[in-house]
Amino acid sequence: MTIILTAILILLSLALVFGVILGFAAVRFKVEGDPIVDQIDQLLPQTQCGQCGYPGCKPYAEAISNGDAINKCPPGGQSTIEALATLLDREVVPLDAEHGEEKPKTVAYIREDECIGCTKCIQACPVDAILGAAKQMHTVIVSECTGCDLCVEPCPVDCIDMIPVPVTPNNWKWPAPVSDPNLILTDRGRGHLLQEGSK
Amino acid sequence: MTRIYSFHGGIHPPDNKRQSLGAPIKQAPLPSRLILPLQQHIGKSATPIVEVGDRVLKGQKIADATGFISAALHAPSSGTVTYIGLQPAPHASGLESPCIVIEADGLDEWISKKAIADFRSIQKKALLDHIRESGVAGLGGAGFPTDIKLNLGKDHIINTLIINAAECEPYITADDALMRERPDEILKGVEIIAHLLEPSKILIGIEDNKPNAIKALRDYIREYQLPIEVVVVPTLYPSGGEKQLIQLLTSIEVPSGSIPADVGIVCQNVGTAAAIYRAVELGEPMISRIVTLTGFALGHRQNYDVLMGTPFSVLLEAAEVDRDKMFRLVMGGPMMGISIEDDRIPVIKTTNCIIAATQEEMPPAPPAQPCIRCGMCEQVCPASLLPQQLYWFAKGREFDKARHHNLFDCIECGACAYVCPSNIPLVQHYRFAKSEIRNEEAEQQKSIQARERFEARQARLAREVAEKEQRRKERAEAAAKEQARKKLEQDQTTHATPNAEAELKKLKTAASVARTKLKKAREALKNAEDKDLDGIEKLQATVAQLEEKAGEAERAWQDASGAKQ
């Protein structure tokens, strides 16, 4: 009888001790917010364009963490989908064409002569990248523009163009070397001869 | 005698240096048009301080250094600024970049030179500022602004200064020629560097294929009180790489992601040392450099003293190029250089060699074959990387893995591609992967910035709404208060004595109004009776009604006035 009682007592006291430790840890090491949402948010391109159907990148990140599809972000494109798939251990799926297609990076450009100073684009810009005041010409701060297109629609005089980001020596990328997969070893040197022959 | 150590790997390509060492350094012709890209160095590009139409003198500053890591730019000859804008510039992309174009007037008129007679007598800060203002950037190849390397502050103690004279890349002899002909300039420059960094020893690392240069330097060193030693290292490409030379001379391996200063070493190129001497003691900013012109398509293969901004075409003409024989034009050496399509591009601070090669000399690259995993690339890699792994990762676009295999420690020396039996353009794959990673990082940075701005905007909008609400509440409160105050006032007036009189007046008015109405009605009735019109009954009823009302009003007034009295 005593053996059973001792066993129960020991187990109870152990449960109590671990309960206290766990309770303390829960308070002491409490995680603020949902870390997975932040991680997803970090992978999204932060254009805040709303093409996914949510009012910004964070809400979409929350939706993904609640089980929404990962292929609704056209600005992020396939690379973002792949990164999200790796993070969430989901399957890589092609971009959902319903939400738009992956386009080259653009920046907004206001044709300043035509701008009437209505401030509508300023109100639409999610990252405050348009500068101007009522009845004054507006202009885009190029370095801050995410190319989200949201300013184009509200403009009453259609003076905003989305122009592709120009390639300069600073943002130029080395191209991937092309190799001919059909080549076999005995072809070696032929390319050289062919070039000589054509000269 | 300093012991020589070794680094991993390395190759022995044919050095092809003899072609350009037959003649002494020659002054290149003054071109009519000098093209000066604003970005000739690592860091931020310079900001122009001249305008189109300005006349500039030789050595006059035309662009300021912007930001911490940047270098100023000077006019290489006197003339007029004719254009500031995009021009073809030496860059792997072949794209145009912002340049200042000077139409030289041929007078070559110097601005008054600001030399420092005794650099030991002035403050180090002033000396560093002078070097910065002179636009000195590393002439070895990377073009790192020199003042940054000489201004390490208190957190780095330098015990070894290494002067890089290895010049390991085939064909290039610019440093060799400089050492043969101007060893005094180099050593005077070393003196200035040593004054700034106060190292305990100075090593000049030089490959054993330059006996004349070694002799020239050793002959001059006796004149200096400094602890300089010329260390001859065996010829092995790429012993002139910064980290490789450090390993050769000190056995210290600079850790991945660190700079040599972190292990107490600073490396400077011989050309840079000479440029520092010219900037400080002669007051000549960095406006010229020595460029090797070589390759079998040239009539004169030798070193030229070239003004920055001189177009390649001018130099090629000066060296009597045979354009029919020229198959390929290379800027830099055959290992690390890049092929150039457009010979209008100018010489910049980092241009050490121009090779006009014939087809026999540099035949087109044979097509790449599949990797046979022979592992030769790994054996020659001077950075001890796994080139084969990196190749797979770059090809498969697994950039994260490539980064974890230390892709960014690759110095792009080309040793792996040189030995590859399958002729795989390995370095191109690495460059591709590196620029993809850099681009990804830049985008990441931009997205962080965008998120911050978005969140700041959201916060601002929320604050504005809250403020509006607050103001609305305040207004509502104020209005309620005002109303309460008015009501109170009204109550007070009704209860006060002067009100009774007003009431009396009202009653009196009412009585008189009633009287007048009655009078009018009676008149109307009388008129109707006289003319015998219709509706007399109705009028009679009205008159009776009004009589009653007037009587009431009269009584009320009488009562009120009676009560008052």
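Observations
- Think of region B:499-564 as a dipole: +1 on every Lys or Arg Cβ, -1 on every Asp or Glu Cβ, centred on the Cα centre; then among B:562, B:511, B:540, B:562 lies furthest on the positive end.
- Solvent-accessible area, 1.4 Å probe, carbon plus sulfur percent, for region B:102-159: 53
- Apportionment of accessible area to carbon and sulfur, region A:15-97, percent (1.4 Å): 61
- Rolling a 1.4 Å probe across all protein chains gives residue B:32 an accessible area of roughly 80 Å².
- Placed amide H near residue B:233: partners under 5 Å, 5+ positions off or other chain: B:206, B:207, B:208
- Ranking A:139, B:509 by solvent-accessible area of protein heavy atoms (1.4 Å probe, all protein chains present), from largest to smallest, gives B:509, A:139.
- Positive-end residue, region B:18-357 charge dipole about Cα centroid, Cβ charges, pick of B:110, B:220, B:143: B:220
- Going by accessible surface with a 1.4 Å probe and the largest first, B:180, B:438, B:451 read B:438, B:180, B:451.
- Ligands, DNA and RNA excluded, the heavy atoms of residue A:142 present near 80 Å² of accessible surface to a 1.4 Å solvent probe.
- With Cα atoms, 0 to 90° folded angle of helix A:77-88 axis to chain A main axis: 10
- Only Cα sites of the protein assembly as shown enter the Debye sum here, all with the same form factor; the resulting log10 I(q)/I(0) across q = 0.07, 0.10 1/Å is -0.69, -1.17, listed in q order.
- Tilt relative to chain A, helix A:2-28 - C-alpha long axis, 0 to 90 degrees, to 10: 30
- Kirkwood hydrodynamic radius (C-alpha pairs) into Stokes-Einstein, region B:100-154, 10 °C and 1.306 mPa s, D in µm²/s: 116
- Interface residues of region A:48-63, defined as a loss of at least 10 Å² in heavy-atom accessible area between the chain alone and the complex of all protein chains with a 1.4 Å probe, are A:48, A:55, A:58.
- Spatially proximal aspartates and glutamates relative to residue A:105 (Cα-Cα < 12 Å; intrachain offsets below 8 disregarded): A:149, B:443
- Alpha-carbon centroid distance for the pair region B:471-544 / region B:143-168, whole angstrom: 103
- Restricting the trypsin sites (Lys or Arg not before Pro) of region B:183-252 to loop positions (DSSP other than H, G, I, E, B) with no more than 14 neighbouring Cβ atoms within 10 Å leaves B:222.
- For region A:50-115, the share of alpha carbon pairs falling in successive 10 Å distance bins from zero is 20, 47, 19, 9, 4, 0 percent.
- The charge dipole of the protein assembly as shown, taken about its Cα centre with unit charges on the Cβ of Lys, Arg, Asp and Glu (plus for the first two, minus for the last two), comes to roughly 1680 debye.
- Probe 1.4 Å - accessible area at residue A:150, Å² to nearest ten: 60
- Measuring between alpha carbons in the structure, the pairs from B:125/B:154; B:44/B:149; A:173/B:325 lying more than 20 angstrom apart are A:173/B:325.
- Only beta bridges with both residues in chain B are counted; by DSSP, about 60 percent of them are antiparallel.
- Dipole magnitude (debye, nearest 20) for region B:376-436, charges at Cβ of Lys, Arg, Asp, Glu: 140
- Solvent-accessible area per residue in chain A equals 64 Å², computed with a 1.4 angstrom probe and all protein chains kept.
- Dipole magnitude of chain B, debye to nearest 20 (Cβ charges: Lys/Arg +1, Asp/Glu -1, about Cα centre): 1920
- Kirkwood hydrodynamic radius of chain A, from inverse mean 1/r over distinct Cα pairs, in Å: 22.4
- Out-of-range pairs (alpha-carbon distance over 32 Å; input A:72/B:401; A:135/B:61; B:473/B:506; A:103/B:434; B:210/B:349): A:135/B:61; B:473/B:506
- Rounded D (µm²/s) - region B:18-357, Kirkwood Rh over Cα pairs, Stokes-Einstein at 25 °C, 0.890 mPa s: 122
- Low-density loop cleavage sites - GluC sites (Glu not before Pro) in region B:341-408, where at most 13 other Cβ are within 10 Å (DSSP): B:341, B:360
- Within the accessible area of region B:293-414 (1.4 Å probe), percent carbon and sulfur: 51
- Using alpha-carbon coordinates, inclination of helix B:124-133 to the longest axis of chain B, degrees: 90
- Once the partner protein chains are put back, region A:157-178 shows a loss of at least 30 square angstrom of accessible area, versus the chain by itself, at A:169, A:172, A:173, A:174, A:176, A:177 (probe 1.4 Å, ligands and nucleic acids excluded).
- Accessible surface, 1.4 Å probe, highest first, among residues B:64, A:158: A:158, B:64
- Each part reduced to its alpha carbon centroid, region A:1-62 and region B:401-450 end up 39 Å apart.
- Surface burial for B against A, with a 1.4 Å probe and both sides summed, reaches about 3400 Å² of accessible area.
- Contact-buried residues of region B:360-376, at a threshold of 30 Å² lost accessible area versus the chain by itself: B:364, B:367, B:368, B:369 (1.4 Å probe; DNA, RNA and ligands ignored).
- Looking at chain B, the accessible area is 49 square angstrom per residue; that uses a 1.4 Å probe and ignores ligands, DNA and RNA.
- Residue among B:387, B:426, B:405 farthest towards the positive dipole end of region B:376-436, charges placed on Cβ: B:426
The values are calculated or read from the model by the stated rules, or taken from the named source; none is laboratory data. Predicted, not measured: the structure shown is a model, and the values here were computed from it. Positions of Cβ are generated from backbone atoms using ideal geometry, with glycine treated the same way; all protein chains shown enter the neighbour counts. Quick note on the areas: whole protein, heavy atoms, side chains included, nothing else; ligands and nucleic acids left out. Shrake-Rupley method; radii C 1.70, N 1.55, O 1.52, S 1.80 Å.
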